[in-house]
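Reading through the structure tokens given below for one structure.
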Amino acid sequence: MRGQLLTGCLLLILALEASAQRLSTTPGYTESEIKAAFTLHLISFISWPNSQQPNVLCVVDESGVHDALELLLNKREAKDISLRSLVDTRDVGPCDLLFLGSDVDLPAFDHTLPLLTIGERTGFAAAGGMVELSRRAGRVELIINESELQHAGFSASSRLMSLATIVTPGVVRP
């Protein structure tokens, strides 16, 4: 009886240690954290019209990307980008970059404005958005509408374009 109790305790300790090691060696990130990181890194791979630098990142989101962006921006030493939460998508005037959550449609506005639009709704890029962050098979995939980017005066690095699925009105190419 005592031997069975001791064996049971040893097995429990080994299982707990293995679980703790697995958790500490493979940190997990939420989908919102990954999309926030993608959004901030995109800025360095896209050139704004007239060599302008983006200063205001606006978010219309209920999924948690706003909170993840706020945490990432607070960790940055350079405070060159401010974060604004929008309730109404008509308030894009001060924004340089607009992130739209999965429950938000692309707003009707002048698409020649130097406003980079990023969305997580399926079909966002095909519907006229510039960059779509889509979840497929457990990964976040980058989909870019090159014609919308160019129409608004943006240019994306060839490195970024090689990682993305390119969407052009009526045509999809990997």
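The values are calculated or read from the model by the stated rules, or taken from the named source; none is laboratory data. Everything quoted here is computed from the prediction, not taken from an experiment. Counting neighbours? That spans all protein chains shown, and the Cβs are built from the backbone with ideal geometry, glycine included.
Key figures
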{"item": "Some residue of segment 55-62 being surrounded by 17 or more Cβ atoms within 10 Å (Cβ to Cβ), among the charged types (D, E, K, R) and at pLDDT below 90", "result": "yes"}
{"item": "Filtered residues of segment 113-135 (kept if in contact (Cβ under 8 Å) with a residue 60 or more places away in the chain, more than 18 Å from Ser155 (Cα to Cα) and in a loop (DSSP other than H, G, I, E, B))", "result": "Glu120"}
{"item": "Segment 69-86, residues that are at pLDDT 85 or above and either of a type in the set (A, V, I, L, M, F, W, C) or over 15 Å from Cys58 (Cα atoms) (or both)", "result": "Leu69, Leu71, Leu72, Leu73, Asn74, Lys75, Ile81, Leu83, Leu86"}
{"item": "Complete set of residues in segment 144-167 that are assigned to a loop (DSSP other than H, G, I, E, B) and either at pLDDT 95 or above or within 17 Å of Pro49 (Cα to Cα) (or both)", "result": "Ala152, Gly153, Phe154, Ser157"}
{"item": "Candidates Asn55, Asn74 - the one that is farther than 23 Å from Ile166 by Cβ and either free of Cβ contacts under 8 Å to residues at least 12 places away in the same chain or hydroxyl-bearing (Ser, Thr, Tyr) (or both)", "result": "Asn74"}
